[in-house]
Amino acid sequence: MAGSRFRILVVEDDPRLAATLERVLAAEKHEVEVAGDGHDALRRARERTFDLVVLDIMLPGLDGIAVCTRLRASGAIPILLLTALGGTEERVRGLDSGADDYLVKPFAYEELLARVRALLRRTAPSDYLRFADLRLEPASRAAWRGARSLELTATEFDLLRHFLRHPRQVLSREQLIDAVWKGEVESDNVVAVYVGYLRHKLGEPGLLHTVRGAGYSLHE
């Protein structure tokens with residue numbers, strides 16, 4: 001994973017610790033955003049796509065357990081919980097809420113980075129991305145539907161690759177613009193246009209679906 005750049009959301013209400021976490025993760029070449037409370041974290045997760053969430057349990061208002069439960073219900077994003085409470089009951093409660101790993105404060109930053117690397121390895125793209133009878137090879141930028149090779153433009157490939165990395169998850173227009181177009185588009189309907197292009201090239205049965213008022217989803 002050397003040289004990889006992942007987008008990480010840090011949810012921590014202690015400004016000093018949040019700043020330190022941001023600095024440590026950024027030093028590993030990750031793109032880091034910081035949310036100071038649970039509601040801000042959920043808002044950011046709706047607006048952007050993250051590869052990992054580092055989430056403190058003790059948050060004002062909406063606590064980390066509630067945030068974790070809601071994040072897990074909306075997708076398969078890896079979640080690393082941080083807490084000062086290290087008892088067995090607290091660990092079980094955190095893992096049962098959907099967290100993938102658990103780190104007790106105070107912790108060594110080397111251990112934090114090791115756990116982050118382990119979680120990102122689990123979800124890093126393999127040589128091929130597959131869903132139903134779709135197959136993409138990111139290295140060669142080749143794609144197939146069953147035995148049929150797909151002729152995709154660079155943008156179409158990037159969009160389909162993003163859907164394949166988040167199967168069965170509803171992705172908003174804003175999330176797709178951020179991930180595929182890096183937030184810069186000339187037309188408000190660019191996502192709908194390119195989803196239409198992909199639907200035509202993928203053919204039947206359809207795999208790209210519109211979720212009215214929410215976005216688009218890749219599912220059977």
- Query: What is the order of Tyr216, Tyr109, fewest Cβ neighbours within 10 Å to most?
  - Reply: Tyr109, Tyr216
- Given all pairs of distinct Cα atoms, the chain yields a Kirkwood Rh in Å of 18.6 Å
- Which lysines does Lys29 reach when only Cα atoms under 18 Å apart count, and residues fewer than 8 places away in its own chain are ignored? Lys182
- Counting only DSSP loop positions in the range 154-220, the trypsin sites (Lys or Arg not before Pro) whose Cβ has at most 13 other Cβ atoms within 10 Å are Arg168, Lys182, Arg212
- Using 0.36 nm per residue, how much length does the chain from Lys29 to Ala66 gain when fully extended, once their Cα-Cα distance is taken away? 10.4 nm
- Sparsely packed trypsin sites (Lys or Arg not before Pro) within the range 3-75, loop by DSSP, other Cβ within 10 Å at most 15: Arg5, Lys29
- Message: Largest first, please: the extent of the C-alpha atoms of the range 80-206 along each principal axis, to the nearest Å.
- Response: 54, 34, 26
- Query: In what order do Thr83, Thr20 fall by count of nearby beta-carbon atoms within 10 Å, going from fewest to most?
  - Reply: Thr20, Thr83
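Bear in mind that the values in this text are calculations on the coordinates, not laboratory data. Treat the numbers as computed from the prediction; the structure is a model and nothing was measured. As a convention, Cβ positions derive from the backbone with ideal geometry for all residues, glycine included, and neighbour counts pool all protein chains shown.
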